[in-house]
1. Could you bin all the Cα-Cα distances of the range 1-66 into 5 Å bins starting at 0 and give me the percent of pairs in each, rounded to whole numbers?
2. Using the C-alpha atoms of the range 1-123, what convex hull volume per residue, in cubic angstrom, is computed?
3. Residue separation times 0.36 nm, minus the C-alpha to C-alpha distance between Glu242 and Arg181: what's the value?
4. Just to be sure I understand the curve: with the Debye formula and one point per C-alpha of the range 67-214, what is log10 I(q)/I(0) at q = 0.13 Å⁻¹?
5. On a full-extension model of 0.36 nm per residue, what is the gain between Ile111 and Asp224, subtracting their alpha-carbon distance, rounded to one decimal in nm?
6. Sort Phe216, Phe119, Phe77, Phe55 by Cβ crowding within 10 Å, fewest neighbours at the top.
7. Once the principal axes of the Cα atoms of the chain are found, what is the range along each, listed largest first in whole angstroms?
8. Of Ala151, Thr21, Cys86, which is farthest on the positive side of the dipole of the chain, counting Cα position, with +1 on Lys and Arg Cβ, -1 on Asp and Glu Cβ, and the Cα centre as origin?
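Just so it is clear, none of the values below were taken in a lab; they were calculated from the coordinates. On a predicted model such as this, the values are computed, not experimentally measured, just so you know. FYI the Cβ positions are ideal-geometry reconstructions off the backbone, even for glycines, and counts take in every protein chain you see.
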Amino acid sequence: MDINGKAAIITGGASGLGEATARRLHSLGAKIIIADMNKEKGDAVCEELGEGAAFSLVNVTQTDQVQATIDLALEKFGSIDILINCAGVGMAMKTVGRDGPHDLNVFKQIIDINLIGTFDAIRLAAFHMQNNEPNDNGERGVIVNTASIAAWDGQIGQAAYSASKGGIVGMTIAIARDLSRSGIRVCTIAPGLFATPLMMALPEGPRNSLSAQIPFPNRFGQPDEYAMMAQQIIENPMMNGESIRVDGALRMGPK
């Protein structure tokens, strides 16, 4: 799919991987909706990008807010051609800890945000994508989700996070098959360790220890390298139903 002139929604688009993707797609001529809970940061990014960028305040666990974001994209741009799901959170908690079993509400919250929030955005956006005019390849839309290498290499304390990201990986091929008759492609990016604001907030010692584990390149991934993969998925018509590790050959140990 040619990105120029297309309308894209990026959840979690105000910072980190989502912001980098919003900036890259906008630079390629896309009209973008940055959907995020951080209004101040989202507004600032949109102001910097200028024409063709708008912000929508959304908590992805609230269907009415996700729907309002869909409506905003349709109102401003007339269609939804691309959906990038970057909104997500992480929480470390062991299945059984010194103070008792894993807090079930925390587990549910991680699933609600990362997995159900992703599916909610997919189903609502795809409903409108199916009405787009197809391009020469028969494409009407492209959806890119964000998992994590924790979907396969979950570490100690990552039961909830790994379950949520594993769910995204697991549903990717099923949704791609569901939407194939409508000409909508679906892929998932599973990043390794990236230099996001959350990662860079760690003390230097733990950061260096983590980056040293990455075989090559022997460094954290840059957010724009995630965005580059999102671009490649959008532009390559044969990319469909796949979950792609972008991790410098990293395989995480137990801790």
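1. Calculated P(r), rounded to whole percents: 4, 21, 32, 24, 13, 6, 0.
2. On the way: hull volume 13.3 nm³, N = 123.
Output value, Cα hull per residue: 108 Å³.
3. Length difference between fully extended and current span is 20.2 nm.
4. The calculated log intensity ratios at q = 0.13 Å⁻¹ are -0.69.
5. Numbers: separation 113, 0.36 × 113 = 40.68 nm, distance 2.63 nm.
Full-extension gain reported as 38.0 nm.
6. Sorted ascending by nearby Cβ count, the order is Phe216, Phe119, Phe77, Phe55.
7. 55, 37, 34
8. Ala151
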